[in-house]
Amino acid sequence: MDFKLLAYREHQNETFPNDSSLLVEQRYETLFNKIRNSQDVSLPCYIIKRTETNYKIETSYFIGVDWIVPERAAICISPKLNKQNSEVDFIKMLFSCLRHSDLATEINELFEVKWNEPPIEIEQKRDLLTPFLVVEFLSLIKTIVRKGLKKSYYRVEQNLNSRVKGKISVGKTIKQNLLQNKNLYTVCTFEEYGLNNLENRLLKKALTFVKRYLPNYTQLASHRELTDTFNFINPAFHTVSDEIELSEIKSTKVNAFYKEYKPAMDLAKLILKRFGYNISNTKKQIIKTPPFWIDMSKLFELYALGLLKDRFQKQVQFQFKGSGSELDFLLNHPEFKMVIDTKYKLKYLNGVNHEDIRQVSGYARLEKVYETLGIEKGKTIDCLIIYPDQENGFDNLEEINLRDTVIPKYYDIFKLGLKLPTIN
């Protein structure tokens, strides 16, 4: 690597020496575009500011790899580290929320990949993008397999002996057969009905890359789940070929009736593109990755939603909209009727953010919230803020009293800590 790679973790605030050969500007930052309350907003993944003698870096809740100065200096931000010297296992978090197939459509907001920018050379252990894509891909394919693979008509070309079927390919018949003294053979194209269609072949092609890649991540706590998921999927594609041309990959389309196929095919294309359509790249220890960012705040939101759905199923509504506002969750359960917001902030371990409380309280005053929960106007609606807590948080929400911890000096506003999965 003939460039400088600066390695940090999310939620860091540090200074580092001023290296004039790399950084010369007063300020560097990279923005992540996301939708918040139905509006496009841009949030910094990191900010580097110049001081009199040093540079100061502040990382946010994004992880990823990107150029600071193209071809000269890059940054790699990893998941945060806790006191036990283990880091957040964002792959297991992703796996957890994808148990609920209806959350798959939300995953696109989790990451941003800059395919058109120069790739960055990193060690494979620093690669956060590939396992992220693989987990999402396998989860979607698992849903497809449970419903059954799509059958359709597809074009077949065969060199038939002593018979003709469909349309004769005159040029190929002359070149492959007549010029080779194979006078009884005819190259024909015709349609067949079955599983070996273009869409399934694309998915099978990506699965062959995933199969070669999986042994690279045996250290992940979720590796067993990944392997079990692949073993569940694989038999369904037994009769499907992985032969597909690059031109076919770029032109694939899918029927709207098979809604899971579109995101799965999009991911299949990203996985193949990630490895440069070359399966040997799955085994390299030094890899080239496009710049990318993953939004850990959004992932925490989906992780919390998955745990809420584990217990309350359809009684929890995601991204409830009312009067131009968008709530994280609205819980309509006989025991718990509350507005719930997630905050990927460590501040709630020993304090609160009053702006967050004003925000969630405002959501709880919306007329549509009262109508949906069936609560008489004038009564106070409970509010809950969910935050990460690696020391005293809950692993799940089964049989947990959501009103257990009230926020001091506020009425009917509660907080609840979640313990995130980790990897040593």
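With r defined as the distance between the Cβ atoms of I286 and T51 and R0 fixed at 30 Å, what FRET efficiency is calculated, to the nearest 0.05? Plugging the Cβ-Cβ distance into 1/(1 + (r/R0)^6) gives 0.35. Between the Cα long axis of helix 261-274 and the first principal axis of the chain there is an angle of about 80°, rounded to the nearest 10. Protection proxy ranking for 110-121, 369-380, using the average of other Cβ atoms within 10 Å per residue and placing the highest first: 110-121, 369-380.
Could you give the angle, 0 to 90 degrees to the nearest 10, between helix 296-312's Cα long axis and the longest principal axis of the Cα atoms of the chain? Helix 296-312 sits roughly 90 degrees off the main axis of the chain.
Please quote Rg/Rh for region 297-423 to two decimal places, taking the Kirkwood radius as Rh and restricting both calculations to Cα atoms. Walk me through the intermediate numbers first.
Working: Rg = 13.8 Å, Rh = 14.7 Å.
Here Rg/Rh amounts to 0.93.
The Cα atoms of region 1-78 define a convex hull whose projected area, averaged across directions, is 5.6 nm². The protection proxy used here, the mean number of other Cβ atoms lying within 10 Å of each residue, ranks peptides 192-199, 234-241 as follows, highest first: 192-199, 234-241.
If you look at the Cα atoms of region 152-194, you get an Rg and a Dmax of 10.9, 36 Å. Taking the Kirkwood radius as Rh and the Cα radius of gyration as Rg, the chain has a ratio of Rg/Rh equal to 1.06.
Principal-axis analysis of the Cα atoms of the chain puts helix 354-363 at an angle of about 70° to the longest axis.
What FRET efficiency, computed as 1/(1 + (r/R0)^6) with R0 = 30 Å and r the Cβ-Cβ distance, is obtained for K269 and A7, rounded to the nearest 0.05?
On the way: r = 30 Å, r/R0 = 0.99.
Efficiency for this residue pair is about 0.50.
Grab the other residues whose beta carbon is less than 12 angstrom from that of L373, score K and R as +1, D and E as -1, and report the net. Walk me through the numbers before you get to the answer.
Numbers: positive: K337, K368, K377, K379; negative: E367, E371, E376, D382.
For residues surrounding L373, the net value is 0.
Using the structure shown, list the pairs from K114/K205; K167/K204; K151/K273; K273/K345; K269/K368; K368/K409 with a Cα-Cα distance above 30 Å, or answer none. As for pairs spanning more than 30 Å Cα to Cα, those are K273/K345; K269/K368. Can you give the FRET efficiency to the nearest 0.05 for N231 and I400, using r as the Cβ-Cβ distance and R₀ = 41 Å? Between N231 and I400 the formula returns 0.80.
Considering only V65, V41, V360, the mean-square fluctuation computed in a Gaussian network model of the chain, springs between alpha carbons under 10 angstrom, is largest for V41. Between Q313 and Y258, the distance separating the two model label sites (each 7 Å from Cα on the Cα→Cβ line) works out to 3.0 nm.
Only one residue of F137, L149, L331 has its Cα farthest out toward the positive end of the dipole of the chain, where Lys and Arg carry +1 and Asp and Glu -1 on Cβ, and that residue is L149. Taking Cα centre as origin and charging only the Cβ of basic (Lys, Arg, +1) and acidic (Asp, Glu, -1) residues, the dipole magnitude of the chain rounds to 1620 debye.
Read-outs throughout are calculated quantities, based only on the coordinates presented, and are distinct from any laboratory measurement. No experiment lies behind these values; they were computed from the predicted model shown. As a convention, Cβ positions derive from the backbone with ideal geometry for all residues, glycine included, and neighbour counts pool all protein chains shown.
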